[in-house]
Amino acid sequence: MSKFQEGLQAEAEQDYVQALLKFTAALESVGPQSNADQALTWLKIANNLMRLMKWQQAADTFAFVDQLLPSNAQVHHGLAISYSHLGDIAKALEHAEVATNIAPDDWRMALTHAYILSIVKPDQATKLEIYRCWGERFADPITAKAQSPKVTDSSLSRPLHIGYISGDMREHSIAFFMTPVFANHDKAQVAVSVFSTSKIQDAYTAQLKSLVPDWHDVSALDDDALFKLIRKLKIDVLVDLSGHTEGQRIFVFARRAAPIQVTWLGFMGTLGMQAMDYRLTDFGADPADNEQWYVEKLFRLNCMASYIPPADTPLSPEPPMLENGAPTLISLNNSKKLTDEMLLLWSRILTQRPDATLIIHVQELRTEDAVASMQPRLERLGLPLEQIIISPSVPLAEFMQRGCIADIALDTSPISGGTTTLHALWMGLPVIALDAEDATSSSSARTLQGLGLEQWVAADEDAYIAKVLALMNNPDQLTEHRATTRVNMLSSALMDYPARCAELEQAYRLMWFNYLLTEKNKTAEPRYLDVNVDIAHETIVVESLLTT
């Protein structure tokens, strides 16, 4: 087996470090007569640098490959992704447009283009149009040819077979939302199957798997095979937990694998496709009239998710500034959410508090890669480097100790934190967030408001700065928050696991009622779009409607 083939094998096994080593070694065996092979090997190296989140090296390598393979869609797609993670959205958009012009029928490149566009133009109407156009081009034509599955048992109260599809059944945000769901599902109400699409497994995978009676590792199955498996198992409600993120199986849903199809948690916005019947949400994330911004029907829970924090998270009783003599701010969100505008906003805070330190977490795994990606941006924007510490990505256990070294967490916009905001609060950190209208931008704001912490939600940038400065001047308030944050969270709807799961099961039951009523009358609109009904009474009502 050649080094190049060994690289392909390692890549298929998602061992990207080994793949990078093999492809690099393969360059030595490529002679000058094999320019095409050499270019292909360099492209593989660039792709694996990107997968290893070495964004600056990836961008530089893709730029080199562009000279070897001009007008190559994969090269421009790689440049678009790399520059988006480096915060250069203008260059990212430029290369995304080139990639889609070269390969207009590539759905992944079109999706990357849509994502970058949604950052450039974050208003809800534009986002809807962007993703609806994507759906109309790539998903809806498949749905138009699909045949709906036949339901052989239309009993109103029988246990429903629920299927969850995710590429994130591991140490990932999804684990902190789904663990309490899997642990509390009522077998009298639902039978649960999980379809895990990722080859990556860890201790969280094992824990999740132990809670589910029917677990399927489908990472080796293509969409057709997965579709057939779901049909064979007669899933009643199929739940997407990935949306437009890594590991998604959107085209299984486009094929109409189940009679009822739902998207939840994985993507804070419309997927833009007709085959997705519902989006699970709540009135906090999606107030009344937000239906206009989604292709899916909004089905509202009273609280859209459960949250279970990582075990053994330390909680320092006092803010570190009392010992350090100066405040420490921290950005914990995925660094691809860091726009230049956000960095400039933080610069204004640092200018007004020259004794403050800001820790910026980035995706890169090594310090040198982290600095190579972030420091040039900070220098270009004129941020005070002497006040900033760039931290690489760290293991979760170490990440959850950041509350012991920082005083205040800073949220991002237009893409706000989700699970990270909850983690920060559990660590004892207050989180300052900008308010917004759409779910993607307002996730942290709605979480804070839901926990009674609306005082940390800022209406605009000036208010954001003022709130951070005020907290840095009030260590007593920081101490009080650390004393009350966990009690507050434990008593909240987010951590009332039996109630949340019962509510979720009721949502599935009401979707089932909608389905049966729609099967009887194809022109009928869904009768139930939230859980605030008496399910026993509605069972009688639906039974009457179905028999008349």
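Points to keep in mind about this one:
- Long-range neighbours under 6 Å by Cβ, at least six apart or interchain, first residue surrounded by 20 or more Cβ atoms within 10 Å (Cβ to Cβ) within segment 391-414, second in a strand (DSSP E or B) and polar (S, T, N, Q): Ala406/Thr328; Asp407/Thr328; Leu410/Ser331
- Given (1) within 22 Å of the chain's Cα centre (by Cα); (2) within 27 Å of Tyr294 (Cβ to Cβ); (3) aliphatic (A, V, I, L, M), number of the condition Ala144 does not satisfy: (1)
- Set Asp214, Asp240, Asp224: member being crowded, with 20+ Cβ neighbours inside 10 Å and of a type in the set (D, E, K, R): Asp240
- Among the residues of this structure, Asp435 counts as one that is touching a residue at least 24 places away in the same chain (Cβ under 8 Å) and either within 20 Å of Thr339 (Cβ to Cβ) or hydroxyl-bearing (Ser, Thr, Tyr) (or both).
- Remark: Met169 matches the filter, which requires a residue to be part of a loop (DSSP other than H, G, I, E, B), buried (at least 17 other Cβ atoms within 10 Å of the Cβ) and in contact with a Phe, Trp or Tyr (Cβ under 9 Å, 6 or more places away or on another chain).
- Residues in segment 70-97 that are surrounded by fewer than 21 Cβ atoms within 10 Å (Cβ to Cβ) and over 21 Å from Lys337 (Cα atoms): Pro70, Ser71, Asn72, Ala73, Gln74.
- Residue in segment 20-55 that is modelled with the lowest pLDDT, counting only those that are out of contact with any Phe, Trp or Tyr (no Cβ under 9 Å at 6 or more places or on another chain) and of a type in the set (Ser, Thr, Tyr): Ser34
- Taking segment 461-548 and the helices (runs of 4 or more DSSP H) fully enclosed by it, the elements with 2 or more residues that are closer than 27 Å to Leu422 by Cβ and not aliphatic (A, V, I, L, M) are at 461-472, 475-490, 497-520.
- Restricting Ser148, Ser157 to those that are part of a loop (DSSP other than H, G, I, E, B), in contact with a Pro (Cβ under 9 Å, 6 or more places away or on another chain) and surrounded by fewer than 17 Cβ atoms within 10 Å (Cβ to Cβ) reduces the list to Ser148.
- Near pairs, Cβ below 6 angstrom, 6+ apart or cross-chain, from segment 278-295 (free of Cβ contacts under 8 Å to residues at least 60 places away in the same chain) to any residue that is of a type in the set (Asp, Glu): Arg279/Glu296
- All conditions in (1) under 23 Å from the mean Cα position of the chain (by Cα); (2) surrounded by 18 or more Cβ atoms within 10 Å (Cβ to Cβ); (3) farther than 30 Å from Tyr115 by Cβ; (4) charged (D, E, K, R) hold for Lys209, with the sole exception of (2).
- Output for segment 480-514, where each listed residue is over 30 Å from Gly403 (Cα atoms) and surrounded by fewer than 18 Cβ atoms within 10 Å (Cβ to Cβ): Ala502
The values are calculated or read from the model by the stated rules, or taken from the named source; none is laboratory data. The model shown is predicted, which means the values in this text are computed figures rather than measured ones. Virtual Cβ from ideal backbone geometry, glycine too; neighbours counted across all protein chains shown.
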